[in-house]
Amino acid sequence: MKVRHSRRSYDPDKVVHQEEINMLIEDARLSPSCFGDEPWRYIICNKQSNQNSLKDLLSCLTEPNQNWIKNAQVLIISLSSKNFRKPDKGKNFWAKHDTGAANYALILLAASMNLTAHQMSGFDRNKIEEKFNIPGDFNIMSVMAVVYAEEVTEIKKKARRPIKEIFFYD
Ligand SMILES: Cc1cc2nc3c(=O)[nH]c(=O)nc-3n(C[C@H](O)[C@H](O)[C@H](O)COP(=O)(O)O)c2cc1C
């Protein structure tokens, strides 16, 4: 989707309403998953409902990330279960794949709503695990900032590997 970008410029004053968050999380919830296991979990920190949890999560990000995202109103931790729900199925090899796909469903819907859902891996894993009581059978996959994109006059062309380096026929 060409209009989706992980922008670092956003409107810090524009409130992301709970109704909008509900729409985003519904698309993640409806994502496909191996054996229908739904291995993803999300922790939503919203300034509107709890300033402290948002501050706590911000403090877990790397300094460069804190610098650009400190005025965000909504941050979301995405987690992926290490095991299938049914104990006899054991480790869920596809859980990270499925959680990434669910995240992307949320991100694409956000882009269509003029929101930016920007994923970050720059965070202190141990700190998040401790502050947010993450159970040991979950991996933290990303922290997503959900912000209103600033008006852009020019869409930058994405720098990407050429098609022939990625896709192979026959
Ligand atoms: C798993 C993951 C982790 C990322 N971590 C960070 C991060 O810590 N900080 C940041 O500013 N951007 C982060 N990004 C954004 C990427 O830098 C960005 O997606 C990439 O440069 C491509 O740009 P685009 O998303 O605008 O197409 C991350 C993206 C992903 C998918």
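For first residues located in the range 27-51 and closer than 19 Å to GLN73 by Cβ, partners that are surrounded by fewer than 17 Cβ atoms within 10 Å (Cβ to Cβ) and lie 6+ apart or on another chain with Cβ distances below 6 Å form the pairs ILE43/PHE132.
Considering the range 70-97, the residues that are under 18 Å from ASN126 (Cβ atoms) and of a type in the set (Ser, Thr, Tyr) include one that is farthest from the ligand (Cβ to nearest atom), namely SER80. Out of ASN52, ASN67, ASN46, one residue alone is crowded, with 19+ Cβ neighbours inside 10 Å, modelled with pLDDT of 95 or more and closer than 24 Å to ARG125 by Cβ. It is ASN46. With respect to the conditions (1) within 11 Å of the ligand (Cβ to nearest atom); (2) more than 26 Å from LYS70 (Cβ to Cβ); (3) assigned to a helix (DSSP H, G or I), GLU165 lacks only one, and its number is (1). Within the set GLU38, GLU26, GLU20, the sole residue that is surrounded by fewer than 16 Cβ atoms within 10 Å (Cβ to Cβ) and of a type in the set (Asp, Glu) turns out to be GLU26. Kindly evaluate LEU58 against the criterion of being without any contact (Cβ under 8 Å) to a residue 40 or more places away in the chain, in contact with a Leu (Cβ under 8 Å, 6 or more places away or on another chain) and within 18 Å of ASN46 (Cβ to Cβ). Against the criterion (without any contact (Cβ under 8 Å) to a residue 40 or more places away in the chain, in contact with a Leu (Cβ under 8 Å, 6 or more places away or on another chain) and within 18 Å of ASN46 (Cβ to Cβ)), LEU58 qualifies.
Residue count for the range 11-34 satisfying the condition of being in a loop (DSSP other than H, G, I, E, B) and over 15 Å from CYS45 (Cα atoms): 7. Residue count for the range 71-94 under the criterion of being more than 21 Å from LEU24 (Cα to Cα) and surrounded by 13 or more Cβ atoms within 10 Å (Cβ to Cβ): the result is 5. Considering the range 117-137, the residues that are within 16 Å of the ligand (Cβ to nearest atom) and farther than 22 Å from PRO12 by Cα include one that is surrounded by the most Cβ atoms within 10 Å (Cβ to Cβ), namely ILE128. Screening the range 138-162 for residues that are within 14 Å of the ligand (Cβ to nearest atom), buried (at least 19 other Cβ atoms within 10 Å of the Cβ) and not β-branched (Val, Ile, Thr) and picking the one that is nearest to ASN83 (Cα to Cα) gives MET141. One residue stands out among those in the range 101-116 that are surrounded by 18 or more Cβ atoms within 10 Å (Cβ to Cβ) and within 10 Å of the ligand (Cβ to nearest atom): the one that is nearest to GLU38 (Cα to Cα), which is ASN103.
Looking only at residues in the range 47-69 that are away from the ligand (no atom under 16 Å from the Cβ) and in a helix (DSSP H, G or I), the one that is farthest from ILE128 (Cα to Cα) is GLN51. Residue count for the range 7-28 satisfying the condition of being of a type in the set (Lys, Arg), within 16 Å of the ligand (Cβ to nearest atom) and over 15 Å from the mean Cα position of the chain (by Cα): 0.
The values are calculated or read from the model by the stated rules, or taken from the named source; none is laboratory data. The structure presented is a predicted model; accordingly, all values stated were derived computationally and were not measured. Note: ideal-geometry Cβ built from the backbone for every residue, glycine included; neighbour counts use all protein chains shown.
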